Amino acid sequence: MHIFSSIRAVGTIWYLLAACFVAGVAFAADRAHPKLSDGSRAGDWAAFGGTYGEQHFSALEQVNRKSVTRLGLAWSFDLPRANSVTGALEVDGTLYVAPGYSLVHAIDAKTGRLKWRYNPKAAEAAGLRLRMGWGSRGLAWWNGKIYTGTQDGRLIAIDAETGQPVWSVMTLEDGDLRFISGPPRAFDGKVIIGHGGADSSDVRGYVTAYDAETGTKLWRFYTVPGNPAKGFEDAAQEMAAKTWAGEWWKYGGGGTVWNAITYDEEFNQIYLGTGNGAPWNHKIRSLGQGDNLFLSSIVALDADTGAYKWHYQTNPGESWDFNANMDMQLATLEIGGLRRPVLMTAPKNGFLYVLDRRDGKFISARPYVRVTWAKEIDSNGRPVETPGARYENGESFAVAPSPFGAHGWLPMAFSPVTRLVYIPAIDLSTEFHDRGIEREGWRRAPHNLLDVGAAATFPLDAQGESALVAWDPIMQTQRWRVSTPGYWNGGVLATGGGLVFQGHIDGSFNAFDADSGERLWSFDAKAPVLAPPITYTVDGRQYVTVLTGMGTSGAYLGPLLERFNLNPATQARRVLTFAIDAKTPLPPTERRPVEILADSEYRADAEGEQRGLILYAQRCGVCHGFRAVGVGAATDVRGSAIPRNPAAFDLIVRKGAMVSGGMPQFAELTDRELEDIRQYIRFESVTAAQRGTASKQN
């Protein structure tokens, strides 16, 4: 009896051990999904960055240095007129894209045939949130579902096969001006999302994780501390509050996670790239005191609980919109003779950072573009700032990079084959000052989309520059650099075929040699190519897909891009898919400059035009462009008849007749304010027409 009991006990132990082993394997397999795991050979592109580690790299090599010259258009798909600078996914032969306000399309990846379309009607639901009109930057996939975050703040799960919504949750709080533009990330049965809005309202940033199957809220982490009188959500908030001064919580603080989130399956950590301060001016936000955690930081959280683990701050006491919301890429590199798990990121401030992702320890940082705000990053990982960079005592300071960043949200790529990072770099400067701004008791101007507590002036007589930069993150040196057109360039894809793909503002889609930077192939898309490319296989054939067309990002400085004839009315917004030996012709594409309409009834009104300039800058410029030069998704109003017609202008601007098309409603405008904006637009139209006449005569 005792023997049998012992045998039964031993058998039970072995059974439990085996069950634990199987469960552990199943758990690890679930966490490290074969389509999403780093180093995946599945041939899909199931996450915004390809895999969990966000390398924007694919090991596929059918399209390579030799065969790329045979790359041709396999099919194209026309998209509605909207922001089309968005990342695509491909899973099991279906391509998923979400142009505009999360208008999700499922397209057969081999043929370009539409399978289904889902419209969450986010523009109609957004209200005031529509005024920050970025649109969707990407999607997530998990277990047969597609996830999208909407401008009005919903996170929606959609059946990937049918296009029917499975669940929907509101992630934002009532009455605030937060919005979602960035792609969700899915991992280990969860989906996580942040938000934007700190430039336009008093916002305190946070991210929220939900159950991927049900939409049940699992945890939330705040990126800046709230009002101490109300208590702190966790020990991390209490610690962070010691780095703030004054009554910062009245300004929200900022720190929004509107783009960069990376999951680390090896350490089961989530990394957040956090945003700038709200307002930008540290002297207003925090009395000019303290580091202001966790602004402009990389923050590591436990992926199961959302508990704080470590942080690294790129810009203590941030004052220039130098957020850290650019993509973060994971890899293992040999540094100083040791193999180290690292996180690499190139935030707006112009330095390429390498951190140990186990504990956030600083390894190295070097500038990859012109930098004026700091001399270096010291051995402790803190910037050595240039005297005067914080525009003290009413003095101006020419800051480089600009708030557009040395690197925008459009992703860089890392190749584990070449061990190089490929960065879409920007060289543009801005003059900062806060003269005439009352810092004590400062409050945001109502309805101002960009009220930041400082004056930022762009030198529009300079065109700005951009480049594709190949950077060695181990040696922190440049390997090669290719100049790219304009100041704004596209997202990057690296492949096992030794190629780097990138599109440009001039309409070219290009493949470069990953080792040398030599351009090996180019396709004239006849429209800007800025979206991040992806690659995948279907039935053994490798495809490369990219979207064409401008969005809101980068379009504010329209005068710097006007020479590329980026007419919003005729700009082709398409999905383009390429394969070896494909020979489908590109559909006819009209590419012509904006035709400035004559305005014989215009009468100058200097005072009204000055008032209109301020109102236009506060409400309209983000979408319609500085000086009314439209190059993005929104209309170039200088070529529109609407501003010539007071009734039509009122119907659209104040009464909201085109909200469903993405044009916000500005019901608060008085008759005088509406007329001043209309007068200013007409002034810019007449001025542009006169410039055009003068240039023709010369």
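The values are calculated or read from the model by the stated rules, or taken from the named source; none is laboratory data. This one's a predicted model, so the numbers in the text were calculated from it and none came from an experiment. Cβ: placed from backbone, ideal geometry, glycine included. Neighbour counts: every protein chain shown.
Miscellaneous remarks
- Tally of residues being in contact with a Phe, Trp or Tyr (Cβ under 8 Å, 6 or more places away or on another chain) and closer than 14 Å to Phe649 by Cβ across segment 676-692: 6
- Meets criteria (surrounded by fewer than 24 Cβ atoms within 10 Å (Cβ to Cβ) and at pLDDT below 95) for Thr552: yes
The rows are residues; the columns are (1) at pLDDT 95 or above; (2) buried (at least 22 other Cβ atoms within 10 Å of the Cβ); (3) among the polar types (S, T, N, Q).
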residue: Gln164; (1), (2), (3): yes, no, yes
residue: Met170; (1), (2), (3): yes, no, no
residue: Asp176; (1), (2), (3): no, no, no
residue: Gly182; (1), (2), (3): yes, yes, no
residue: Arg185; (1), (2), (3): yes, yes, no
residue: Gly189; (1), (2), (3): yes, no, no
residue: Asp199; (1), (2), (3): no, yes, no
residue: Thr223; (1), (2), (3): yes, yes, yes
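- Candidate set from segment 280-305 (those that are buried (at least 22 other Cβ atoms within 10 Å of the Cβ) and of a type in the set (Gly, Ala, Ser)); member that is nearest to Ile437 (Cα to Cα): Ser286
- Cβ-Cβ under 7 Å pairs, at least 6 apart or on other chains, segment 189-214 side of a type in the set (Asp, Glu), far side part of a strand (DSSP E or B): Asp202/Ala278; Asp211/Lys190; Asp211/Leu218
- For segment 342-396, the set of residues classified as more than 18 Å from Gly273 (Cα to Cα), free of Cβ contacts under 8 Å to residues at least 60 places away in the same chain and either among the hydroxyl-bearing types (Ser, Thr, Tyr) or not assigned by TED's automatic domain parsing to the domain that holds Tyr308 (or both) consists of Thr372, Ser379, Thr386, Ser396, listed by residue number.
- Boolean, Tyr101 is closer than 19 Å to Gly182 by Cα, in contact (Cβ under 8 Å) with a residue 60 or more places away in the chain, out of contact with any Lys or Arg (no Cβ under 7 Å at 6 or more places or on another chain) and assigned to a strand (DSSP E or B): no
- Screening segment 592-603 for residues that are surrounded by 10 or more Cβ atoms within 10 Å (Cβ to Cβ) and among the acidic types (Asp, Glu) and picking the one that is farthest from Val686 (Cα to Cα) gives Glu595.
- Residue that is nearest to the chain's Cα centre (by Cα) [pool: residues in segment 326-341 that are assigned to a loop (DSSP other than H, G, I, E, B) and either without any contact (Cβ under 8 Å) to a residue 40 or more places away in the chain or closer than 18 Å to Thr430 by Cβ (or both)]: Met326
- Test: residue in segment 179-190 that is under 23 Å from Tyr52 (Cβ atoms), of a type in the set (A, V, I, L, M) and in a strand (DSSP E or B): yes
- Candidates Arg611, Arg563: the one that is in contact with a helix residue (DSSP H, G or I) (Cβ under 7 Å, 6 or more places away or on another chain), of a type outside the set (A, V, I, L, M, F, W, C) and at negative phi is Arg611.
- Residue list for segment 96-142, filter: over 28 Å from His33 (Cα atoms) and of a type in the set (S, T, N, Q): Asn119
- The condition of being surrounded by fewer than 20 Cβ atoms within 10 Å (Cβ to Cβ), in contact (Cβ under 8 Å) with a residue 60 or more places away in the chain and among the β-branched types (Val, Ile, Thr) holds for only one of Thr577, Thr589, Thr570, that being Thr589.
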